[in-house]
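Undergrad: Would you mind keeping the following structure in view while I ask a few things?
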């Protein structure tokens, strides 16, 4: 025996019909899912091929929508690219955000280690991030300047005081902050951007949680070991 939903005399369900507000929420949720699928497909293809080589038709095919749907939501290809970058960095800052209460109780070293671990894990989850930023840098368009000024530079400015304090305290080598930031960025990103190469050479799945965490530990050990050895050396 199966249970069936009761049917009213007029053939319609007795359950209350969705309100206009509910239908609006459903439409909005569907719109957001569609846009997210388009933006992720755009990120993947812009990362793989660069802005010029990635076609809107290929992006629409990857996202499972029509070309017209992309035009409806984003208009031009340039606007799609900007929207994809905004989506990428919104996700980046959300995933890199720190619990302020926890952060206040950390030492400077613990804060840097926590930052590096969050960043390494982010890079492992989103290897397209480094690919698309490198592609954008190589093409150096007006849109590239906008993306750097809007999204990248604020992140550099935010982390700079922490590194300067660590250097002043002797926790990190006293090197230019710009060099320190790009050294950490490259060390955190490249193993995942070159996952296929690492698999071929070392037969390693660099995206596995264990390897990701060991890689983060290795970066921390290398960073702090250099300053520790310098501090142990006898003064001349």
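Rule-based calculations on the coordinates, nothing more; no lab input. Here the structure is a predicted model, which means the values were calculated and not measured. So basically every Cβ, Gly included, is an ideal-geometry build from the backbone, and we count neighbours across all protein chains shown.
Undergrad: Calculate the length of the line joining the C-alpha centroid of segment 33-70 to that of segment 174-222, in whole Å.
TA: 28
Undergrad: A further question on this structure: Tell me whether segment 25-84 comes out rounded, prolate or oblate; compute the Cα gyration tensor, take square roots of the eigenvalues as a ≥ b ≥ c, and use a/c under 1.5 as the rounded threshold.
TA: Since a/c reaches 1.5 and a/b is larger than b/c, the shape of segment 25-84 is classed as prolate.
Undergrad: Once you place label points 7 Å from the Cα toward the Cβ at residue 164 and residue 114, how far apart are they in nm?
TA: The answer from the label model is 2.2 nm.
Undergrad: Something else about it: If R₀ is 22 angstrom, what is the calculated FRET efficiency for the pair residue 31 and residue 146, using the beta carbon separation as r and rounding to 0.05?
TA: Here the calculated transfer efficiency is 0.30.
Undergrad: What nm distance separates the two modelled labels at residue 199 and residue 86, each placed 7 Å from Cα along Cα→Cβ?
TA: 3.5
Undergrad: Continuing with this model, one more query. Classify segment 88-214 from the C-alpha gyration tensor, please: rounded if a/c falls under 1.5, else prolate or oblate depending on whether a/b exceeds b/c. Intermediate results must be reported in sequence, preceding the final value.
TA: On the way: a/c = 1.62, a/b = 1.15, b/c = 1.40.
Oblate, because a/c is 1.5 or more while a/b does not exceed b/c.
Undergrad: Using only alpha carbon pairs under 8 Å that are at least six residues apart, calculate the relative contact order of segment 25-84 and give it in whole percent.
TA: Computed over segment 25-84, the figure is 38 percent.
Undergrad: Could you check the spin-label model distance between residue 79 and residue 190? Points 7 Å from the Cα along Cα→Cβ, value in nm.
TA: With each label placed 7 Å out from Cα toward Cβ, I get 3.9 nm.
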